[in-house]
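Taken together, the values in this text are just the output of simple stated rules run on the coordinates, not laboratory data. Just so you know, these numbers come straight off a predicted model, no measurement behind them. No Cβ is skipped: glycine too gets one built from the backbone with ideal geometry, and neighbour counts run over all protein chains shown.
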Amino acid sequence: MARNAMAQEKIFALRREIARIEGSLPERLQAPETEGEPVLRRYGRPAGAADFAGTGTPRFDAAFGGGILKAALTEIAGRETRDGGIVAGFALAIAATAARSGRQAQRPVLWIGLADMLFEAGFPYAPGIERFFGLAPEKFLLARANRFEDAFWVAEEAIRLGGFSAVFLELRGNPAKLDLTATRRLHHRAREAGRPLFLIRHSGAPEPTAAPTRLLVSPAPSPLRETLTGPLPRSIGPPAFAVALSKSRTGRSGTFVLDWNPHDFTFQERWPSGERGSVRKSGRRAQDPGCLAAASFDGPDPAAAARGGLAPVRERRAG
Amino acid sequence: MGIADARAMHPAIEIVEADPGADRRLLESLADWCDRFTPLVALDGADGLFLDISGCAHLFGGEDAMLSEILRRLRHQGFDARAALASTPGMAWAAARYGRGPDRNVAPGEEELALAPMPLAALRLEEKARVGLESVGLRHVGALIGAPRAPLARRFGSMLVTRLDQALGGAEEAISPRLPVAPLSVERQLAEPIGTTEDIERLVLVLARTLRQDLERRGEGARRLQLALFRVDGAVARITVGASRPLREPLTIAKLFHERLTALESGLDAGYGFDLVRLSVVAAAPYAALQTDLSGPASAEEEEFSLLADRIRARLGDEAILVPALAESHLPERRARFVPFGGESPSAVEPSSAGEAKPTTHLRPIRLLEKPEPVEASAEVPEGPPLSFRWRRALYRVARAEGPERIASEWWREDPPAPARDYFRVEDVDGRRYWLFREGLYGGEIAPRWFMHGMFP
């Protein structure tokens, strides 16, 4: 065992060396083809393919280094509250792919919402969720809290239980109590339990977060309905999401348009060219940050403010 | 005597208006406090309390010791109370009010002797009957005891005889307790009052352990538990927690109360401390002792779920954790609504879906607004989808639309029936997908109105 660990340590060191020579990050290196030793990752725990929720879209998954981490906190942000359906749908879709690749399909999910948010953006509707994401209504639990502290407490306790296939915590704006420490607590709980925790945030300014992944989800025009005679004009097809990587472990950025197939519950990437509908490309391609820690894009760099030794300055929401 | 006369005689007199409501509340809180002696406490008129101490006296060192203890404690609280012990409520009532001497207690068998010299008012008679009896010269109860009963009843009503029998023990009289009596309860008297939440929680655990033996003997588990905290100065705090499945495990019970107490922290006023803590099972249910099988920890997991749900409910209230309950209906809001977890099971709410709860083939949104919100919409053609609409003061341009899907109201439920709704799926130019409906028809009796009802992914 000790030898094994030593060997992994060595491989890890070599990978870092190679990455340094190539001027890249170790996470960006191509994974070895052979079914060999798992590569040592952060926190000293080997990460295999089972730890990732692959979406089945190669380009999107590669941007995360294999997919979204299953045992982690993942932030899914929406620009406006009226995008609530899109953002919630994307979170449920990711959870559905994560649950399918694991053996947790029979477990329930817990949706935690603040009462005012539920009234503003609507209650989750079980028949629709079953129709689009294959989650049976009896497996859906909704926790309604009146204060952020209560919602946070429920999220922490629920993820610690480990019995839910996914826990969703839905918030709006920037609650003062949701700081770096709070997200770190959630992330640690999720990692210990080995279950995904999705923090859904509506119309909030980007803040420092301990979540390894942050995605910004915007609406995207859906593809046309496919019929035997070709696409049906002016029809509304399956759900589509425009997803921008705001923070990822590999430090890559990008914008992807993903179509959700509600029949076999898979994602499909829509290539920007050749399709109708405008796909916003990420304007700023961020430079290689050159560090192992997750970096953020598409927003003011909160880490810079934090590094200055001062409390992070809350950015006023633009637009 | 009027106030002016009274003031003329005693200028220093203080006038306070009578407040029957406040007196009543005081009496009720006193009854709550008396709960520490016996669970059977009943209010008696505006100024009296009945305590049924059957089976409780030995806990306080006998009847006389208990009575003097009650009186001593009441005196410490500043109440001047008169009390008497007797075998019947009627006799005790009479002795407390009309008994003479320091020892008003009436031993069993001595009721006639004690009642005979008392005035007729001791029998709790109506004013009319009492005046009538006094007018014929019967002023003491003793004159009635030996008298022939039929003429008495005929002339003064049967109530007279009933009251007499009740006082003497010839007729049963039940007092109606103010609070329901818990089937099981355990309590702990404390020599040193406690006040901190930690102490209370520790004590709950101790009490729950005792309770467990009783529950096991009865083959039951607790569905609702109440913790009564008796404060030194007489106030009583009662805290209730519910469980979605019958409970026995002391640690679980302690956990639930922990959540409840944490949520209450600011609301629980310990004052000078609590000197009596009682844990009672308010509602119990048969406890199914399940044997865990080898096929998996499914039941253990379910138990964990219900424990988490109970803890959430204990802390945030019964409405905090919800599950969708499906019903056979085309109206979206009736098709699935949220009900509290662990209440009546979803299948009990709705009889016919057990076998045919198949996913709907129609596209339904994944978020539904609690109430459809009115929008201003303009349609190109009557009956057609909207071209643009204004919702929450923002304008949306519709790029594509599908519909209509007509959902008629359920006339067998509503009177008068609501107009039918025409639902449209629309996608705006940015790609947001919404579910709108139009109520009423253009050119119909009811002017058409548009509503926003849900969001698609």
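Around residue A:265, which amide H atoms from residues at least 5 apart in sequence, or from another chain, sit under 5 Å from its own amide H, with H modelled in the peptide plane?
none
For the pairs A:177/B:255; A:70/B:371; A:10/A:177; B:255/B:371; A:247/B:255, flag any whose C-alpha to C-alpha distance is greater than 30 Å.
From A:177/B:255; A:70/B:371; A:10/A:177; B:255/B:371; A:247/B:255, over 30 Å: A:70/B:371; A:10/A:177; B:255/B:371; A:247/B:255.
List A:132, B:424 from most exposed to least, where exposure is judged by having the fewest other Cβ atoms within 10 Å.
With the sparsest Cβ surroundings first, the list reads B:424, A:132.
Treating only the Cβ atoms of Lys and Arg (+1) and Asp and Glu (-1) as charged, compute the dipole magnitude of the protein assembly as shown about its Cα centre; round to the nearest 20 debye.
Computed about the Cα centre, the dipole is about 2600 debye.
How many nm separate the modelled label positions at residue A:6 and residue B:330, each set 7 Å beyond the Cα in the direction of the Cβ?
Going by the 7 Å Cα→Cβ label model, 7.5 nm.
Say each of residue B:165 and residue B:112 gets a label point 7 Å from the Cα, pointing the same way as Cα to Cβ; how far apart are those two points in nm?
Distance between the two pseudo-spin positions: 1.7 nm.
Kindly express, to the nearest 10 degrees and within the range 0 to 90, the angle between helix B:63-76's C-alpha long axis and the longest C-alpha principal axis of chain B.
Once rounded, one gets 70 degrees.
Largest first and to the nearest Å, give the Cα extent of chain B along each principal axis.
Principal-axis extents of the Cα atoms in chain B, largest first: 97, 63, 54 Å.
Can you compute the helix-only [θ] at 222 nm over the protein assembly as shown? Use -39500 (n - 2.57) per DSSP H run of at least 4 residues, normalise by all residues, nearest 500 deg cm²/dmol.
-9500 deg cm²/dmol
About the Cα centre of segment B:184-313, how large is the charge dipole given +1 on each Lys and Arg Cβ and -1 on each Asp and Glu Cβ? Please answer in debye to the nearest 20.
Computed about the Cα centre, the dipole is about 400 debye.
Work out the charge dipole of the protein assembly as shown with +1 on the Cβ of Lys and Arg and -1 on the Cβ of Asp and Glu about the Cα centre, then indicate which of B:85, B:182, A:58 is farthest towards its positive end.
With unit charges placed on the Cβ atoms, the residue in question is A:58.
Take every Cα-Cα distance within the protein assembly as shown, group them into 20 Å bins from 0 onward, and report for each bin the whole-number percent of pairs it holds.
13, 33, 27, 17, 8, 1, 0
Along Cα→Cβ, 7 Å out, is where each label goes; now give me the distance between the ones at residue B:190 and residue B:63 in nm to one decimal.
Those two pseudo-labels are separated by 3.3 nm.
By the gyration tensor of its Cα atoms, with a ≥ b ≥ c the square roots of the eigenvalues, what is the shape of segment A:131-251: rounded for a/c under 1.5, prolate for a/b over b/c, or oblate?
prolate
Using only the alpha carbons of segment B:3-168, what is the convex hull's orientation-averaged projected area in square nanometres?
Taking a quarter of the hull surface, the average projection is 12.7 nm².
Residue by residue, what Karplus-based ³J(HN,Hα) values in Hz, rounded to whole numbers, does segment B:223-235 have, using 6.51, -1.76 and 1.60 with θ = phi - 60° and x for Gly and Pro?
Each residue of segment B:223-235 in turn: 9, 9, 10, 10, 10, 9, 10, 9, 7, 4, 8, x, 6 Hz.
Name the residue farthest towards the positive end of the dipole of the protein assembly as shown from the options A:268, B:447, B:15, assuming +1 on Cβ of Lys and Arg, -1 on Cβ of Asp and Glu, about the Cα centre.
Value computed over the given set: A:268.
Average partner chain C-beta neighbours within 10 Å, per residue of A:240-250?
Mean partner shielding for this stretch: 1.
Please list B:277-287, B:367-377 highest first by mean number of surrounding beta-carbon atoms within 10 Å per residue.
B:277-287, B:367-377
So for chain B, taking the charge dipole from beta-carbon charges (+1 Lys/Arg, -1 Asp/Glu), which of B:226, B:241, B:416 sits furthest toward the positive end?
B:416
Taking segment B:103-193 as the region of interest, what is the percent of Cα-Cα pairs per 5 angstrom bin, listed from the shortest bin to the one with the maximum distance?
2, 11, 19, 20, 12, 10, 7, 6, 6, 4, 3, 1, 0
Determine, from the Cβ-Cβ distance of residue B:29 and residue B:202 and an R0 of 30 Å, the FRET efficiency 1/(1 + (r/R0)^6), rounded to the nearest 0.05.
0.65
Cα-Cα pairs above 16 Å in segment B:184-313: how many percent?
Counting pairs separated by more than 16 Å, the tail of P(r) holds 62 percent.
By counting other Cβ atoms within 10 Å of each Cβ, how are B:391, B:435 ranked from fewest to most?
So the residues, fewest neighbours to most, are B:391, B:435.
Taking the Cα centre of chain B as origin and charging only Cβ (+1 Lys, Arg; -1 Asp, Glu), how large is the dipole, in debye to the nearest 20?
320
How would you order B:22-28, A:191-197 from highest to lowest mean count of nearby Cβ atoms within 10 Å?
Put in order of decreasing packing, that is A:191-197, B:22-28.
Under 18 Å from a point 7 Å along the Cα-to-Cβ line of residue B:14: which residues of segment B:60-100 have their amide N that close?
Zone members listed by number: B:77-80.
Arranged by the count of other C-beta atoms within 10 angstrom, fewest first, what order do B:322, A:73 take?
Ordered by Cβ neighbours within 10 Å, fewest first: B:322, A:73.
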